[in-house]
1. Pick from Gly151, Gly137: which is in a loop (DSSP other than H, G, I, E, B), open to solvent by less than 50 Å² (accessible area, probe 1.4 Å), out of contact with any Cys (no Cβ under 6 Å at 6 or more places or on another chain) and at negative phi?
2. Within the stretch 269-278, does at least one residue satisfy the condition of being assigned to a loop (DSSP other than H, G, I, E, B) and on the phi < 0 side of the Ramachandran plot?
3. So which of Val264, Val204, Val233, Val218 is in contact with a helix residue (DSSP H, G or I) (Cβ under 8 Å, 6 or more places away or on another chain), assigned to a helix (DSSP H, G or I), in contact (Cβ under 8 Å) with a residue 24 or more places away in the chain and among the aliphatic types (A, V, I, L, M)?
4. Given the conditions (1) of a type in the set (S, T, N, Q); (2) at pLDDT below 95; (3) open to solvent by 10 Å² or more (accessible area, probe 1.4 Å), and given that Thr158 satisfies all but one, which numbered condition is not satisfied?
5. Determine, yes or no, whether Val162 is more than 11 Å from Arg149 (Cα to Cα) and in contact with a Phe, Trp or Tyr (Cβ under 8 Å, 6 or more places away or on another chain).
6. Return a yes/no flag: does the stretch 72-86 have any residue that is among the polar types (S, T, N, Q) and in contact (Cβ under 8 Å) with a residue 24 or more places away in the chain.
7. Inside the stretch 30-115, counting only strands (runs of 3 or more DSSP E) that do not spill past its ends, which hold 2 or more residues that are among the hydrophobic types (A, V, I, L, M, F, W, C)?
8. Can you give me the number of residues within the stretch 155-174 that are under 18 Å from Asp141 (Cβ atoms) and touching a residue at least 12 places away in the same chain (Cβ under 8 Å)?
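The values are calculated or read from the model by the stated rules, or taken from the named source; none is laboratory data. What you are looking at is a predicted structure, and each value in this text was computed from that prediction instead of being measured. Neighbour counts are summed over all protein chains in view; Cβ atoms, including those assigned to glycine, are modelled from backbone coordinates with ideal geometry. To get the accessible areas, we keep the full protein, side chains included, count just its heavy atoms, and leave off ligands, DNA and RNA. Shrake-Rupley method; radii C 1.70, N 1.55, O 1.52, S 1.80 Å.
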Amino acid sequence: MVGHDTGTRQGSGRRAWLAQAFALAALGGSAVAQAAECARPLRVAVSDLGVGAYVEDGQIRGLIPDLVRELQARTGCPLQLVFMPRARALLDFDKGGIDIITSMMQSPERDRIAAYLPYGYTKHDLLVVPEAAAGVGGLADVIRRPDLRLGVVRGIRTSSRVDTHLEQLLAIRRAEYSPDFANLAAKLAARRIQVALMPNALHVKLRRDGALPADLVVIDEPEARPQRLGLYVNRQVVPPRMIARLQQQLAEMVRRGWVRQAYVQHFGEAETRRMESALGAR
């Protein structure tokens, strides 16, 4: 009996060892396959986007860099942040020199070369100097007020009726372009313009940094509903299996609330709830 028990135990031990060896081999094979898919770092372009992305003390910080680093940890593939002007990022992406571009609204033109991976939202607001804010509830009111002049950064679009109002103000020479948001903020602070159209990721950070007057009135433009944001992954240069892995992990980050907590960290709870309320009203 003793010999039989010993043999049984030895047999069980061998089977357990073999099972563990096969499991480790499978994991090793998975690691090899993953390494093959991640043969090189993926270049991720980020631009100056307020609390979305900015450079501080030589480091790229903000919601998007945090999201990219979390995605890197979850996929096991290196994602290299590259800080560059938005126009150059878009050009390099279309040519295949950039693998991933961030903070994008979906468009049919870019869908032809890239996979869209949504994660969050952006919201455009009107910023009005306090002495001019009475009776202003949106751009339609600005059009009716000949004493008001609007400022906007070139290239900004909201995919809503706001764009129509903006074109009307430009046509009657009561709106002007700025090359960037720092310039737009300076015009507003100097009262060269009385109203500005700006994404919340930008005005939240500019107000925190003191680049915008603290007494500005933020108006929730009723026709500028939150717009969905996502990553575009370049199908010209990124393997399909890698795109699928990024998509799966990013969707999990959204589903489990990681992305919302990142919004709260960078935008604040009140601003995050304001966007959620606007989404609920769509």
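1. So the residue among Gly151, Gly137 that is in a loop (DSSP other than H, G, I, E, B), open to solvent by less than 50 Å² (accessible area, probe 1.4 Å), out of contact with any Cys (no Cβ under 6 Å at 6 or more places or on another chain) and at negative phi is Gly137.
2. no
3. When all the criteria are applied, what remains is Val204.
4. Failing condition for Thr158: (3).
5. So Val162 does not fit the description; no.
6. Among the residues of the stretch 72-86, at least one is among the polar types (S, T, N, Q) and in contact (Cβ under 8 Å) with a residue 24 or more places away in the chain, which makes the answer yes.
7. Details: elements: 42-46, 54-56, 59-61, 79-83, 100-104.
Strands (runs of 3 or more DSSP E) meeting the threshold: 42-46, 79-83, 100-104.
8. Residues meeting the conditions: 9.
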